[in-house]
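Laboratory data are not the source of any read-out in this text; all were calculated from the coordinates shown. Quantities reported herein were computed from a predicted structural model and do not represent experimental measurements. Methodologically, a virtual Cβ is constructed for each residue, glycine included, from the backbone with ideal geometry; neighbour enumeration extends over all protein chains shown.
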Amino acid sequence: MANLKLTLACWDYDRTRALFDGRVKPEGIDLELWSTYNVGEIMERMIRNRQFEVSELGITYYLRSLELAEPPFIAIPIFPNRFFRHSSIFVNTTKGIRSPRDLAGRNVGELQRYGHDAGIWAKGALHDDFGVEASSMVHYVGGIEKTTPGPDWAPFNPPADVTINHLSPDQGLDAMLLAGEIDALFSAHIPPSARKHPDKVQRLFPDFEPVERDYFQRTGIFPIMHTVVIRREIYEQNRWIARAIMQAFEDSKALAMKGYNAADIFFNAPSMIPWFVALREKNRALMGDNFWPYGLEANRKTLEACLRHHREQGILRRSFALEELFAPETLG
């Protein structure tokens, strides 16, 4: 029987590269791979046009889609994009923000929309460790340098207790932060002013690495930004593909990790990033060898925190069991 032909869109990560170059092929499936420099474009094409059968998608977009009358996607527990997000909070240095608690009552910017993945995790950490509520801040949402006009491709009814202001096309969050029109910014992109004007725009946690390492050591949480989804009608027609695609992602990641482990012996000659081997040893001591796990059970604590942050910030209206989020074939 001929292989099933599917399109898969995701970013060209080190952990997905073996899918793109053909070293890994999912059993029974011929994949047509698609990528672009801007991972947000992949998500927009999937949400707006259902352009791909399988796609990387921000976990926030996916969770919101589950509350639709007919949810269009089903996820597999693959998490290609993860970051600690204390480092994603930027402040205007003239605004007297000396501690995280000073953000309460402030005007804050957020990239593109209230509730993008980086902002949710950053505000979740502020809530858990410093008692700062998302609803205590006034939100301004838009682009970093300019704001794209037109209808939102992922519309959302915000919670009633959160004040949200949408930027006009001629406004950008970076200029507003530099001018002091907003006090702080939650962003998955580093604003240009942080590098051009470091005296005026800095991270809330300038020495963020020990803060994020402490967060992981205390909580065991490695924040998840994105997952992988299958269009639900494609999945229902061929439910076996969920397991096959998941295994392909696992195999691709294993080849990437094998390459890193081999490079350690030669002091990371393939990339020659200074002190990279020492960093990997430091990470291994804190996070173990499998610091980038796939699957539900290995990520249960992180996913529970993810759902809780979404509910607390008004992104989700209902509660979900973790098992509801993923194709049953991928849970074993």
Please compute, for the alpha-carbon atoms of the stretch 86-219, the extent along each of the three principal axes and give them in descending order in Å.
43, 34, 23
Mind checking which of Phe291, Leu19, Phe276 is farthest towards the positive end of the chain's charge dipole, using Cβ charges of +1 (Lys, Arg) and -1 (Asp, Glu) about the Cα centre?
Phe276
Stretch gain in nm, segment Asp129-Lys301, where the contour uses 0.36 nm per residue and the Cα spacing is subtracted
60.3 nm
Crossing angle, helix 208-219 versus the chain [Cα axis fit, 0-90 degrees, rounded to tens]
60 degrees
Could you derive backbone 3J(HN,Hα) for the stretch 72-85 from the dihedral phi with the Karplus parameters 6.51, -1.76 and 1.60 (θ = phi - 60°), listing whole Hz in sequence and x where the residue is Gly or Pro?
x, 10, 10, 8, 10, x, 10, 10, x, 9, 9, 8, 6, 10
Expressed to two decimals, the stretch 71-127 has a Cα Rg over Rh, using the Kirkwood radius, of 1.07
Any chance you could tell me what percent of the C-alpha pair distances in the chain go past 35 Å?
24 percent
Max mean-square fluctuation residue, GNM over the chain, Cα-Cα springs under 10 Å, options Ile230, Ile29, Ile273:
Ile273
Per-residue counts of other Cβ atoms within 10 Å, averaged by peptide: what ranking do you get for 248-257, 164-173, 278-287, highest first?
248-257, 164-173, 278-287
For His226, what residues show an amide H to amide H distance below 5 Å, using hydrogens built from the backbone and excluding near sequence neighbours?
Ile59, Asn81
Taking only Cα atoms, what is the 0 to 90° angle, nearest 10, from helix 39-49's long axis to the longest principal axis of the chain?
70 degrees
Using a basic spin-label model with each label point 7 Å from the Cα along Cα→Cβ, how many nm lie between Arg232 and Arg195?
4.2 nm
Residue farthest toward the positive end of the dipole of the chain, with Cβ of Lys/Arg at +1 and Asp/Glu at -1: which of Tyr260, Ala305, Ser168?
Tyr260
For the stretch 3-18, Karplus couplings with θ = phi - 60° (6.51, -1.76, 1.60), whole Hz, Gly/Pro x
5, 6, 9, 9, 9, 10, 10, 7, 6, 8, 7, 4, 7, 10, 4, 5
Under Karplus coefficients 6.51, -1.76 and 1.60, residue-wise ³J(HN,Hα) of the stretch 313-327 in Hz, glycine/proline x:
8, x, 7, 10, 8, 10, 9, 10, 6, 4, 5, 6, 7, 10, 4
Gain upon complete extension [Thr7, Thr219; 0.36 nm per residue less C-alpha separation]
72.6 nm
Peptides 101-112, 258-269 ordered by average Cβ neighbours within 10 Å, highest first:
101-112, 258-269
Magnitude of the Cβ-charge dipole (Lys and Arg +1, Asp and Glu -1) of the stretch 86-219 about the Cα centre, nearest 20 debye, reported as 220 debye
